[in-house]
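No lab work stands behind these numbers, since they all come straight from the coordinates. Here the structure is a predicted model, which means the values were calculated and not measured. Every residue, glycine as well, gets a Cβ built from its backbone with ideal geometry; the counts of neighbours run over all protein chains shown.
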Amino acid sequence: MQVLAIIPARYQSSRFPGKPLADINGKPMIQHVYERTRLCRELNQVVVATDDLRIAQSIASFGGEALLTRDDHESGTDRIAEAADILKIEPEGIIVNVQGDEPLLEPTMIGQLIDTLKDFPDCPMATLAFASSNQRQYADPNVVKVVLDHRGKALYFSRSPLPYYRDGLPKALCFFKHLGFYAYRRDFLHTFTRLPQSPLELAEKLEQLRALEHGFAIQVAISATDTRGIDTPEDLQALLGENSGGDSQ
């Protein structure tokens, strides 16, 4: 069975133009992501899917594999689907969507996603969550929350506090923070990117709600490790400050 990771990377970003090529300790961010992803033993292949020649050339410069894709994709998932078509991935193959702004990702997280799809053959899609007690993140609309059923399948994702505690927050707050990694079966990825956008997806601006609204299950694995994505130049400066021993406040 083909098992690969595809890292979508575009140069233009409203909050951080050129983010994949941002320097972190002498390497572009995308190289850190690529090299950490390669450490996952379950993967047969790692590919960066990009619409920008500068990013493709950067990947080639350190011996990585990149594919040039169209520049009109609305999401990274659409870009991954095009890359899967170019690569002619078999229908039962497993594709992991690794975000290109996660330079600190743990390779074991990717392996956990792959194992989840293998362990739940009825699920076409899997993702990761982290059990958190951080009250600030619980209230932050930029932090997506997920609630699960007793089998570990997603019931709903939201930017709002989820679940909402009507009688006030418990002393031992615990919620599931959604981490932006996905694994898909190739045939489902083909189906998913052709589904019409759904009302809840448009309301929350969360693509995964499209799958739930159309009746597809998403299995959620609980990661022992949180992630730290780099969304803005300020996020990057905070990370660099910590790595250099400086004040990141």
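A few remarks follow.
- Placing a label point 7 Å from the Cα of residue 187 along the Cα-to-Cβ direction, the residues of segment 109-149 whose backbone N falls under 20 Å of that point are 114-127.
- Shape call, segment 1-103: gyration tensor on alpha carbons, a/c limit 1.5: oblate
- Take the Cα of residue 195, go 7 Å toward its beta carbon, and the backbone nitrogen atoms of segment 66-88 under 15 Å from that spot belong to 77-78.
- Translational diffusion of segment 173-249, estimated by Stokes-Einstein from the Kirkwood radius over alpha carbon pairs at 4 °C in a medium of 1.567 mPa s, is 83 µm² per second.
- For residue 223, net neighbour charge (Lys/Arg +1, Asp/Glu -1) across residues whose Cβ lies under 10 Å away: -1
- A Gaussian network model of the chain, with springs between Cα atoms under 10 Å, assigns the largest mean-square fluctuation among 152, 111, 63 to 63.
- FRET efficiency, residue 155 to residue 228 (Cβ-Cβ, R0 25 Å, nearest 0.05): 0.45
- Backbone N under 18 Å from the residue 203 label point (7 Å along Cα→Cβ), restricted to segment 155-179: 155-165
- Taking only the Cα atoms of segment 58-154, the ratio Rg/Rh comes out at 1.00, with Rh defined as the Kirkwood radius.
- CD proxy at 222 nm, helix term only [per DSSP H run n ≥ 4: -39500 (n - 2.57); per residue of the chain; nearest 500]: -9000 deg cm²/dmol
- Charge sum, other residues only, whose C-beta stays under 14 Å from residue 124's C-beta, Lys/Arg counted +1 and Asp/Glu -1: +2
- FRET efficiency, 1/(1 + (r/R0)^6) with R0 25 Å, evaluated for residue 45 and residue 75 via beta carbons: 0.70
- Cα lying deepest toward the dipole's positive end in the chain, options 113, 61, 33, charges on Cβ: 113
- Listed residues 136, 228, 159, most fluctuating in the chain (Gaussian network, C-alpha, under 10 Å): 136
- Considering all different alpha carbon pairs of the chain, the Kirkwood hydrodynamic radius works out to 18.7 Å.
- Cβ charges +1 (Lys, Arg) and -1 (Asp, Glu), total dipole of the chain, debye: 360 debye
- Averaging the Cα positions of each part gives two centres, and for segment 1-48 and segment 52-72 these lie 10 Å apart.
- Loop-exposed chymotrypsin sites (Phe, Trp or Tyr not before Pro) per DSSP, neighbour cap 15 Cβ within 10 angstrom, longest uninterrupted part of the chain: 63-163
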